[in-house]
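What follows is a set of notes on a single structure, which appears directly below.
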Amino acid sequence: MDVKLAAKYPFLKGASAYLRETGVDLSKLTTSVAYERARFMGKERVMEALENGMIEDHPMASEVDANNELLSYPVARMIVSAVTDQMLVTRYAIAEAKKADKHLRGEEFTFIKSVAEELGLNVSVDEDTISVDFTDFLRFSAAMRSKDWKLINQRLQDGRVIVTKQRLVRLIQQMLTEKISSELPLAVNDDIMNAFSQDITVISKIMEEKRAEFKARSMGKVSIIRFPPCMKKLLTMIQSGENVPHTGRFALVSFLHTLGMNSDEVLETFSSAPDFDESKSRYQIQHITGEISGTEYTPPECSTMKSYGICFDPDSLCKKDWMAHPLTYYRSKGKRFKPPSRK
Ligand code: SF4
């Protein structure tokens, strides 16, 4: 693989092989003046992912430019790993995958197929028809929200889903997001921590601000002040990475969805959890909101919440004789609420 191709697709095995063959000493990346430009570009890579959700291309007029572009990738991964923030990992992985997607759209099909296969997607070509295994299709298209990605709307042939070249590239983007997310954070040593200490502080501070901003924005439609104690507690537990039983996740997602939040908004609300797994969470949320299951679930009533052991800290409003449902609690805090009459 030549250096320009390696710089465009630094996640490929060929790019790692290129670095090995050319004798780049990755241990010197953090300290040597020779790699100052690569370190600067690596920081930019992370900042762009964080701030814009996209990583810009730099002109690669010379081999030196391409080499710096390529080396900025391992630098960025070191920085992301050193910050140890799952939300940063997810944003960075998405931005890297989008960058690759942009490049792949201009490539020959043979190359695209080789990238898909290296990432583990089995691609078949029969004359002009491209197809992928339907289980792979289901797994990697779960993140696509539009109806035309649903399995029911696909052309199937012998257990395989027929895709266009563009769709194949989009599937690769999703696979790459998952691959990069699963690889990070890497173990970082003191040299890395020291070399990037200032950047780690700056990025951590931005992450705190972003987290507060996301929280405010994603909860914008619903008023957290009106949440019943059970839902407040479940939300705090999920956002801080505590182990929440399935019944609790189900109750909270269905509660938020019933209040008008869509799957993406619920996902964003959960994304601050330190152990946030975007793909797994998205699947669970889409199941509860009916995008996968076809059934839109509503939250359990108070008696069921109690039997599940997730009726946390009931307050005086919870103890009203007409209080039977977390949604009633939420609505009762609205201005025009009239308590239901009891027979
Ligand atoms: S009584 Fe109902 S609304 Fe109140 S905390 Fe328990 S489950 Fe939630």
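Around the amide H of Q157, modelled in the peptide plane, lie the amide H atoms of I162, all under 5 Å away and 5 or more residues distant in sequence or on another chain. Relative to the longest principal axis of the Cα atoms of the chain, helix 278-288 runs at roughly 30 degrees. Taking Cα atoms only, the orientation of helix 109-118 departs from the longest principal axis of the chain by about 70 degrees.
For the chain, the longest principal axis of the Cα atoms and the long axis of helix 197-218 meet at an angle of about 40 degrees.
Considering helices alone, the calculated mean residue ellipticity of the chain at 222 nm is -17500 deg cm²/dmol, with DSSP H runs of length four and up weighted by -39500 (n - 2.57) and normalised per residue. Each listed q (0.06, 0.10 Å⁻¹) maps to a log10 I(q)/I(0) for the chain from the Debye sum over equal C-alpha point scatterers, namely -0.29, -0.72.
Bear in mind these aren't lab numbers, they're just calculated from the coordinates by the rules spelled out. Everything quoted here is computed from the prediction, not taken from an experiment.
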